[in-house]
Structures are given as C-alpha cells and as structure tokens.
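J.: Below you'll find the structure I mean.
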Amino acid sequence: MTTIPQRFEILVVAEFSEGRAGPPTAADALRSALVEATGQTGASGYPRYAGQGMVADIDPVTRTVEALTVDGEELDYGLSVRVVPVPADGADRDG
C-alpha cells in the first residue's frame, strides 16, 4: 500500500546552473512554497497541491510536476521546478 504524501516543498530555480553539485536547496531557489494536498485531482490526472501562491499537479511517486501556476501565472521560460519531500511531522529538514 502506497501512501500519497500530503505536502511537498516546491522550489522554482533557474533551469541551468553551471558548476552546480547536487540538487538545488531552498536557499538557492528564486522562490519556494510549502504546498499541501487539496484532495482534488488536477486536469493532468494527478493530485493537486496548493499553498503560498502556488498550485501544482504532482505525481507523488516520481515527484514530477505535471502542471504549475505561481500567483495564477505560468512560469517564464528558463525557470524549472524541483519538488522536495517534507517530513510527515512538518519538521525542518535542516535541523
């Protein structure tokens, strides 16, 4: 039985970062938001998550963002999105 995560952190980052080692962190993001499951399914067929001005359809298995709006608008070209799991207890990942 697979449990669907109830929250994620979405990071909006520059698509290309020269010399970058490892995945981006919230400190590197142009914008980040903690989103929670709405209980709805988006047009993409994946669960919808919303919070802090972002609405996203996220495949909870692969953590792929299938649709996203930020403050009601689509992302500009050159920006991409990363999804970071958030612990079930909501504790800060960094300590």
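J.: Based on what the data block shows, is ARG82 part of a strand (DSSP E or B), among the basic types (Lys, Arg) and without any contact (Cβ under 8 Å) to a residue 24 or more places away in the chain? It would help to see each step written out before you state the result.
T.: Values: part of a strand (DSSP E or B): yes; among the basic types (Lys, Arg): yes; without any contact (Cβ under 8 Å) to a residue 24 or more places away in the chain: no.
It is false that ARG82 is part of a strand (DSSP E or B), among the basic types (Lys, Arg) and without any contact (Cβ under 8 Å) to a residue 24 or more places away in the chain.
J.: Anything in segment 39-55 that is among the hydrophobic types (A, V, I, L, M, F, W, C), assigned to a loop (DSSP other than H, G, I, E, B) and touching a Gly at 6+ places or on another chain (Cβ under 9 Å)? List them, or say none.
T.: None - no residue of segment 39-55 is among the hydrophobic types (A, V, I, L, M, F, W, C), assigned to a loop (DSSP other than H, G, I, E, B) and touching a Gly at 6+ places or on another chain (Cβ under 9 Å), so the list stays empty.
J.: Got a number for residues in segment 19-63 being among the polar types (S, T, N, Q) and in contact with a Leu (Cβ under 9 Å, 6 or more places away or on another chain)? Give the derivation first.
T.: Taking segment 19-63 as the starting set, the residues that turn out to be among the polar types (S, T, N, Q) are 25, 32, 38, 40-41, 44, 52, 62.
From the residues that got through so far, the ones that are in contact with a Leu (Cβ under 9 Å, 6 or more places away or on another chain) too are 25, 32, 52.
The number of residues fulfilling the criteria is 3.
J.: Among the numbered criteria (1) surrounded by 15 or more Cβ atoms within 10 Å (Cβ to Cβ); (2) modelled with pLDDT of 95 or more, which one does THR69 miss?
T.: In the conditions (1) surrounded by 15 or more Cβ atoms within 10 Å (Cβ to Cβ); (2) modelled with pLDDT of 95 or more, THR69 misses (1) alone.
J.: Follow-up question, since we're still on this one. Does segment 45-64 hold any residues that are β-branched (Val, Ile, Thr) and free of Cβ contacts under 8 Å to residues at least 40 places away in the same chain, and which are they? Step through it out loud before you land on a result.
T.: At the first step, the residues of segment 45-64 found to be β-branched (Val, Ile, Thr) are 55, 58, 61-62, 64.
Listed by number, the residues that qualify are VAL55, THR62, THR64.
J.: Would you mind finding the one in PRO5, PRO24, PRO47, PRO60 that is modelled with pLDDT under 90 and crowded, with 17+ Cβ neighbours inside 10 Å?
T.: Numbers: PRO5 fails: modelled with pLDDT under 90; PRO47 fails: modelled with pLDDT under 90; PRO60 fails: modelled with pLDDT under 90.
Result: PRO24 is the single residue among PRO5, PRO24, PRO47, PRO60 that is modelled with pLDDT under 90 and crowded, with 17+ Cβ neighbours inside 10 Å.
The values are calculated or read from the model by the stated rules, or taken from the named source; none is laboratory data. Values in this document were obtained by computation on a predicted structure and should not be read as measured data. Heads up, the Cβs are rebuilt from the backbone with ideal geometry, glycines too, and the neighbour counts pull from every protein chain shown.
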